[in-house]
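Scroll down for the structure; my scribbles are underneath it.
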Amino acid sequence: MLSRTLHLPLSLLLAASLVLAGCGAREADGDAPDAMAQAPATDAAPPAETTSQQAERGDGAVSTGPMSPARGAPAESGSLEGLPTDWPLAKVESGKAWVSCRADYNTEQGDGEPLESLAFFSVVDALSACQKGGVLRLRYQGKIAADFTDLVSRVADIAERMAIHKRILDLDSAGGQVEDAIKAGDAIGGGGWTIWVREGSVCHSACVFVLGAGDNRMISGKVGVHRIIRMSSTATTRSELNEELRGVYDRVKDYLSRNGVAVAVADLMMTVPNRRLRLLSKDELQEYGLDGTNAAQDDLDRLQLMRRCGEDFVLRRDAFLRSFDSECKAAGKDLDQMQACGLTLRERFEFPDAKCPADSPLSEFDRMADAEEALEPGDASGTAP
């Protein structure tokens, strides 16, 4: 199996761009912990819904699966590498998806190329352009459902086969099926994914379970929760409904715990009526383990990195990250300036490392430079070695 490289430096640059692009929007919207959204009284949804309209309808955390909790962590995304190429027919129907080979969307490419068919070679073709630079951003707008799980599972599988180790899920969703969100989270968990909720985007209800699975989470939009709806319930009393939901919440708590997220998130969901929405503040997102580095994955990363590259490498990398925060993310610096500062800072800490160049901070720039050099005029092959 191909070894996975650390993605934190890219995430730091992405976080910086989010701050630059989204600070005004956050101040305008406000993110008080007790902000609530009341759904309008309507029976019919509009033909083409936005994520905001889906959020207002208040059905963003629906459970229809078995009530018994699933104990023990399932196989993570690395196990998808051996999936056969004869995939069942599937396409993106519950939302829209795009693939980009750049971390930021504020470029000529924008969100990238649309991805609808999830056939094996359709996904391969969509990701092929990202192989040289080693950076993939999957943008998704829509509902969390079975086709979303197919989308992230298959993209994660092909990204692993192609050794595209810098992976971003650019997410905008008002929620959907709880069981599908957990399956999607298990598919990408531990696979080097940064989950990005950018300015103007939301991650509500069941989407929060996908957010929790990321190795790193970058949030500039709004994150909110409410009570899970048990659509297949046969309960006639509160006691019966509570007994049914207990199994669902036990499964949710088990999932949150193994992903380094506080199980208090599940307790909070229980208290919010499903026709309302409890927005989480920045402090709450950090307190619950939903913003920034996934604590569970960070522990595992450090152990693996120390075994692979040595203790000195880990200490130098940590020192680089601290210096990047204090020197390169200064107020007034734009993204290009931060990148230039980071690349200069690498020399002080002797990166890229001769033994572990791919694990070195900002290694994606080395790979992009190699690819561009291979494509310079006069190169008859026109392909990178």
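Readers should treat all values here as calculations from the given coordinates under stated rules, not as data from a laboratory. Just so it is clear, the model here is predicted, and its values are computed rather than measured. Counting neighbours? That spans all protein chains shown, and the Cβs are built from the backbone with ideal geometry, glycine included.
Descriptive notes on the structure:
- Residue exposure sequence - 327, 243 - by fewest surrounding Cβ within 10 Å: 243, 327
- Under 5 Å, built H, 5+ apart or other chain: amide partners of residue 277: 37
- Estimated vicinal HN-Hα couplings, Hz - the stretch 269-274 in sequence order (Karplus 6.51, -1.76, 1.60; Gly, Pro = x): 4, 4, 8, 9, x, 5
- For residue 294, distant residues with modelled amide H under 5 Å away: 216, 217
- Highest average packing first - 307-318, 284-295, Cβ atoms within 10 Å: 284-295, 307-318
- For residue 205, nonlocal amide neighbours, meaning residues 5 or more places apart or on other chains whose placed amide H falls under 5 Å from its own, are 224, 225, 226.
- Sequence-separation-based contact order of the stretch 198-292, relative, with Cα cut under 8 Å and 6+ spacing, percent: 36
- Protection proxy ranking of 161-171, 127-137, by the mean of other Cβ atoms within 10 Å over each peptide's residues and highest first, is 161-171, 127-137.
- Overall form of the stretch 170-255 per C-alpha gyration tensor (a/c, 1.5; a/b vs b/c): prolate
- Integer Hz, Karplus 6.51/-1.76/1.60 couplings in order for the stretch 172-189, x for Gly and Pro: 9, 8, 8, x, x, 7, 4, 5, 5, 5, 5, 4, 5, x, 5, 5, 9, x
- Unsatisfied cross-links (Cα-Cα over 23 Å) in the set 143/183; 132/166; 166/355; 91/282: 91/282
- Gap separating the Cα centres of the stretch 191-205 and the stretch 113-160, nearest whole Å: 16
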